[in-house]
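Student: Here it is, the structure in full.
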Protein chains: 2
Amino acid sequence: MTSVSDDSSPSVRQRRPTMRDVARLAGVGIKTVSRVINGEPNVSPGTTERVRRAAADLLYEPDLHAGNLRRADGRSRTLGLLVSSVANPFAAQVHRAIERVAIEYGYAVLAASLEDDPAAELRAVTALARRRVDGFIVTPVRDDQSYLRVHVDRGTPLVCVDRAPRGIETDCVVTANVDGARDAVRHLLSFGHRRIAFLGDLDRIETARLRREGYVTELAAAGIDVDPALVVLGLHDDATATAVARRLLTLPDPPTAIFSSQNLITIGTIRALQQLGLEHKVALVGFDDVETGDLMKPAITAVAQDPDRIGRLAAERLFAHLDGDTSPARQVVVPTRLIVRGSGEIPAPGGAAH
Amino acid sequence: MTSVSDDSSPSVRQRRPTMRDVARLAGVGIKTVSRVINGEPNVSPGTTERVRRAAADLLYEPDLHAGNLRRADGRSRTLGLLVSSVANPFAAQVHRAIERVAIEYGYAVLAASLEDDPAAELRAVTALARRRVDGFIVTPVRDDQSYLRVHVDRGTPLVCVDRAPRGIETDCVVTANVDGARDAVRHLLSFGHRRIAFLGDLDRIETARLRREGYVTELAAAGIDVDPALVVLGLHDDATATAVARRLLTLPDPPTAIFSSQNLITIGTIRALQQLGLEHKVALVGFDDVETGDLMKPAITAVAQDPDRIGRLAAERLFAHLDGDTSPARQVVVPTRLIVRGSGEIPAPGGAAH
DNA sequence: CAGGCTCCTGACAACGTTGTCGGGCGCAAG
DNA sequence: CTTGCGCCCGACAACGTTGTCAGGAGCCTG
C-alpha cells in the first residue's frame, strides 16, 4: 500500500515529519505513535499496524535527541572516543574494536582524533560533553585528567585506553609496556648484545616512559650500565627517527642492537639501517608490530600489542558501568607477544661483551 | 573567586546543572544566560560577568541537542561519516582529513565503519539520521543509494567519497581509478611485459571494477588480448591474494608482471612472490600505496592515491552545501601519482612479446 | 447487576534550550 | 514636560519527544 510519494526528479526541500504527522495520518494520538515506535506494550494490533504504515509512508525517523530530553534514563546511545590519532594503525584498530562492541549495544561512536595535542583533548571532551555522550573512552594526552572527574560524578562513565589517567581513579586498559620492553631487551641480550640503543617517543607520553623503564630495568638486571649516548627520546615521526638512528649507527662505538619503542620509530630506524647497509648486521626489535614487517629483509622482530583486545575490553568495561556496575576502578593490563622474524636474532659481533 | 566545590574523595553522583541553575545563581533570567552563553549582544558587561562566573562555578555545559530543538537552523554541528572500514589505512587517512576540516567549522564527526557490508550501510545511515547529523559523507557500499534522496530532500546534504553513488545525483570525490590503473599497466608495458596479471577486489565494489576497466583498456590500446587466466577478481584480504598469486605464478605459462589493484592484495602478492623467490623476477605494481613499500626488497612501485586531498575536498563540498551552495552535483576526480621504487621496473624476460 | 480488573488510548506537562515580544529604564530631541 | 528611541532584561511559548495520569471499553466475578 505504501504510496510512493510523487517521484518527480526536481527534488524539493521537504519538512521532516514528526510524530504529530504520523499520528494525524494514522488517526491516533501522538502518544500512541510513541508507544508503537518504542515497542511499548498495550497497543492493539490494528492500531499498531496503522501507525507502522503511516510511519513508513512518511519515512518517519524519530528524533533521538528530542526523546532523550524527556526520557527517564536520558541516554543518547552515543559514546565519545578520544583517540591519539586516527591515522595511527594501532589506534585505528582500537577504534574498530570499540565500534564493534558499541554496535552490539546499539550505540554509535563519536570519535575525535587528538594528534597528541593536549589542547585538543580538552576541546574534544567539551564537544562530546555538550552532545551528552553516555560515556567516554579516552586516550590520555594531557598530564592530568582530573578535569574529567566532574563528568564521572554526573553519571558519564569513563574508561581510559592505552595510557593510564592521572588525577582521577578510573578503569583503564593498557598494554604491558614495561614487561613488553623487558622482553624485547632480554631477547636482544640473549643474542649476546651489550650495546643496545633505545629510541623513544616524546617522554611526556606515558607509554614512552614505561617502555624506557622496561629497557633500563632489564639492562640493570643483566648487570649492564645504560650508556646515555645510546638513549634518545623525543622522537615522534619516522623522519626524525631515521636521522637519529643514522647518527647513532655512525658513532665511533655504535650500538650492535636497537630497541625502537614505537611503530613509526621502528620504520624510521629500518630506513636508516637500509641506507647504511647495516640491516643484516645490527639487530632490531620494535615495540608495536609493523603490519608488513614480515615482508622486509630481514623481517622485523617485534613486540606486538593487541589493539583488538584492548579496544574490546575498554568498551566492555564502559558498558558494564552503563549497566550499573559500580565496582572500584581497576587497571587491566593486556600482555604483549614477541614475534620473532629475523631482525632481532642477528647476533652481536664477537658474541662477547664489550 | 571560583569556589572549588568540596573536594572530598568519595565522589557522589550529582545533578547536571542547567541554564536555570546558572540563572538562579547569577540572579538573572534564564534567557539572559542563554544570551551570554551564545554571545548574543545587548547584555551589560556586569551581568555578563556574573553569568560567566556562575556558569564556571557550576561547571555548566550547555546541552547542544536541547538547543537545536528550538534553534532556528536546527543544526547539531555534527556530521556523519560512513567509511568502508576504520582499519583500512586509506579510509583512516580520509577520515582524518575530514575531521580536520570539521574541527575548523566547529563540527564533530560521528563515524561508522561499514566493513563493506551493505546492511551496515543502511543501519548506519538510520542511526545517524536519528541523531540528526547535519550532513553525510558516505563511502557507498550498496549498489543503490537512492534511499538517501529523502535525507537530501529534507535538507541533509550528502557527499560521497571514494566511490560514485548510484540512484542519486550528488557531489562525489573519487580517485582517478581508470587513469591510475592505465598508468600502472602502461608502466609495465613499457618494460616489455605482455603477460600482465590482474588481481582485483570484489567486483561489486566500484573502484575494483574501474581499475579492471583501466587494465583492460590499456592492454587493448597496446593491441594485447586479455588472457582470462591472468585475471582474478573477488579478492578481499591478503591471505586469499597470496594463495591466488601463488597459483598464477606456478602456471605453465605464468605472468611476467602483476598489477594488484588494492592495498591488501598487493601485500598478499608480495608475500607470494617472496615465498616463491620471484620478487626480483616478476614485476609488480600496486594500486594504493603500501606505507612501508620503500622498505621492501625490491621496494614497491605503486599508484598512490591522495586520501588527504579526497577527504578535504569531500568535507569542503559538504560545508559548502551547509553554507547554502546549491550548485548542481559534480564529481571531483583526484588524480593518482605513480611512485617508482623498483618492483615495477623489472623487465620482461627476453624483452619481446610472447 | 454492581464492582473491579485489564486493556487501550489520548490530554497534558515536562525535558533544556532558544525565538518572540513587550516592559522598564535612561537619554536625546522636540 | 512629552515623545521617541535604544539598550537591557525576563515571561512565555515552542521545539519533538516521553512520563503520568485519568478515562472508557470490555470482561469476569460475586
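The values are calculated or read from the model by the stated rules, or taken from the named source; none is laboratory data. Please read these numbers as outputs of a predicted model, since none were measured by experiment. Neighbour counts run over all protein chains shown; Cβ positions are idealised from the backbone, glycine included. Side chains included, ligands, DNA and RNA excluded: accessible areas come from the protein's heavy atoms. Shrake-Rupley method; radii C 1.70, N 1.55, O 1.52, S 1.80 Å.
Student: For segment A:99-251, would you read off the P(r) tail past 27 Å as a percentage of all alpha carbon pairs?
Tutor: 39 percent
Student: From the Cα gyration tensor of segment B:197-239, with a ≥ b ≥ c the square roots of its eigenvalues, which class applies: rounded if a/c is under 1.5, or else prolate if a/b is larger than b/c, or else oblate?
Tutor: oblate
Student: Can you name the residue in chain B whose Cβ lies closest to the B-to-A rotation axis, and give that gap in whole Å?
Tutor: So the chain B residue sitting closest to the axis is B:H65, 2.
Student: Shifting gears a bit: Would you mind listing how long segment B:7-109 runs along its three principal axes, going by Cα atoms, in whole Å with the largest first?
Tutor: Ordered largest first, segment B:7-109 gives principal extents of 53, 42, 23 Å.
Student: Something else: Put +1 on the Cβ of each Lys and Arg and -1 on the Cβ of each Asp and Glu in the protein assembly as shown; which of A:V340, A:V22, B:T256 then has its Cα farthest toward the positive end of the dipole?
Tutor: A:V22
Student: Inside 10 Å of the C-beta atoms of B:147-154, what's the mean count of C-beta atoms belonging to other chains?
Tutor: 4
Student: Hey, if you put +1 on the Cβ of every Lys and Arg and -1 on every Asp and Glu Cβ in the protein assembly as shown, which of B:V185, A:N177, A:Y215 ends up farthest toward the positive end of that dipole?
Tutor: A:N177
Student: Given a 10 angstrom Cα cut-off, can you work out which residue in B:I258, B:I196, B:I103 is the most mobile in a GNM of chain B?
Tutor: Judging by the Gaussian network model, the answer is B:I103.
Student: So, with +1 on the Cβ of K and R and -1 on the Cβ of D and E, and no other charges, what is the size of the charge dipole of the protein assembly as shown about its Cα centre, to the nearest 20 debye?
Tutor: Its charge dipole is roughly 1940 debye.
Student: Can you tell me, using C-alpha contacts under 8 Å and at least 6 residues apart, the relative contact order of chain A as a whole percent?
Tutor: That works out to 17 percent.
Student: Let me ask another. Would you list which aspartates and glutamates come within 17 Å of A:K31, measuring only between C-alpha atoms, while excluding same-chain residues fewer than 8 positions from it?
Tutor: A:D21, A:E40, A:E49, A:E61, A:D63
Student: For chain B, set up a Gaussian network in which alpha carbons nearer than 10 Å are linked by springs, and say which option among B:R154, B:R204, B:R75 fluctuates the most.
Tutor: It is B:R154.
Student: Straight-line reach only, C-alpha to C-alpha below 25 angstrom: list the lysines that A:K297 could link to, leaving out same-chain residues fewer than 8 apart.
Tutor: Cross-link targets: A:K281, B:K281, B:K297.
Student: For B:V36, what charge total do you get from the other residues with a beta carbon under 15 Å from its beta carbon, if Lys and Arg give +1 and Asp and Glu give -1?
Tutor: +2
Student: If we sort A:122-132, B:13-23 on the protection proxy, mean other Cβ atoms within 10 Å, highest first, what's the order?
Tutor: With the highest mean Cβ count within 10 Å placed first, the list reads A:122-132, B:13-23.
Student: Next up: For the protein assembly as shown, with all protein chains present and a 1.4 Å probe, just round the carbon and sulfur fraction of the accessible area to a whole percent.
Tutor: The value for the protein assembly as shown is 52 percent carbon and sulfur by accessible area.
Student: Thinking of segment A:56-101 as a set of Cα atoms, what percent of all their pairs are more than 12 Å apart?
Tutor: Value for segment A:56-101: 72 percent of Cα pairs lie more than 12 Å apart.
Student: Only Lys, Arg, Asp and Glu count, each charged at its Cβ (+1, +1, -1, -1), so figure out the dipole size of segment B:19-62 about its Cα centre, rounded to 20 debye.
Tutor: Here segment B:19-62 has a charge dipole of around 140 debye.
Student: What percent do you get for the relative contact order of segment A:177-305 when only Cα pairs under 8 Å and 6+ apart count?
Tutor: It rounds to 27 percent for segment A:177-305.
Student: While we're looking at this one, here's another question. Quick one: Debye curve from the C-alpha atoms of segment B:19-62, no solvent, what's log10 I(q)/I(0) at q = 0.22, 0.24 Å⁻¹?
Tutor: Debye curve over Cα of segment B:19-62, log10 I(q)/I(0) at q = 0.22, 0.24 Å⁻¹: -0.58, -0.70.
Student: Sticking with this one: Per residue and in cubic angstrom, what volume does the convex hull of the Cα atoms of the protein assembly as shown have?
Tutor: 194 Å³
Student: Let me ask another. Under the Kirkwood approximation for Rh and a Cα-based Rg, what ratio Rg/Rh is obtained for segment A:239-334?
Tutor: 1.21
Student: Measuring from a point 7 Å out along Cα→Cβ, what nm distances, shortest first, does A:P118 have to its partners in the other copies?
Tutor: In nanometres, ordered from closest: 5.1.
Student: May I pose another question? D for segment A:177-305, whole µm²/s, Stokes-Einstein with Kirkwood Rh over alpha-carbon pairs at 20 °C and 1.002 mPa s: what number?
Tutor: Approximately 153 µm²/s, per Stokes-Einstein.
Student: State, in square angstrom and to the nearest 100, the accessible area buried between chains B and A, both chains counted, probe radius 1.4 Å.
Tutor: Its buried surface, counting both partners, is about 5700 Å².
Student: Provide an ascending nm list, one decimal, of label-point separations from B:N42 to the equivalent residue in each further copy; define each label point as 7 Å from Cα along Cα→Cβ.
Tutor: Output for B:N42: 4.7 nm, nearest copy listed first.
Student: Nearest 20 debye, what's the magnitude of the dipole of chain A about its Cα centre given +1 on Lys and Arg Cβ and -1 on Asp and Glu Cβ?
Tutor: 1060 debye
Student: Using a 10 angstrom cutoff on alpha carbons, build the Gaussian network for chain B and name the most mobile of B:N263, B:N88, B:N177.
Tutor: B:N88
Student: Mind listing the label-point distances from B:A243 to the same position on all other copies, shortest first, one decimal in nm, points 7 Å along Cα→Cβ?
Tutor: 4.7
Student: At 222 nm, what helix-only mean residue ellipticity would chain A give, in deg cm²/dmol to the nearest 500, using -39500 (n - 2.57) for each DSSP H run of four or more?
Tutor: The per-residue figure over chain A is -12500 deg cm²/dmol.
Student: So what's the net charge close to A:V226: Lys and Arg +1, Asp and Glu -1, counting the other residues with Cβ under 12 Å from its Cβ?
Tutor: Around A:V226, the charge tally is -1.
Student: Next question. At q = 0.07, 0.10, 0.11, 0.12 Å⁻¹, what is the log10 ratio I(q)/I(0) for chain B, with the Debye formula run over Cα points and no solvent?
Tutor: Log10 of I(q)/I(0), two decimals: -0.44, -0.71, -0.79, -0.88.
Student: How many Å² of accessible area per residue for chain A, probe 1.4 Å?
Tutor: Counting only protein heavy atoms, the per-residue value for chain A is 43 Å².
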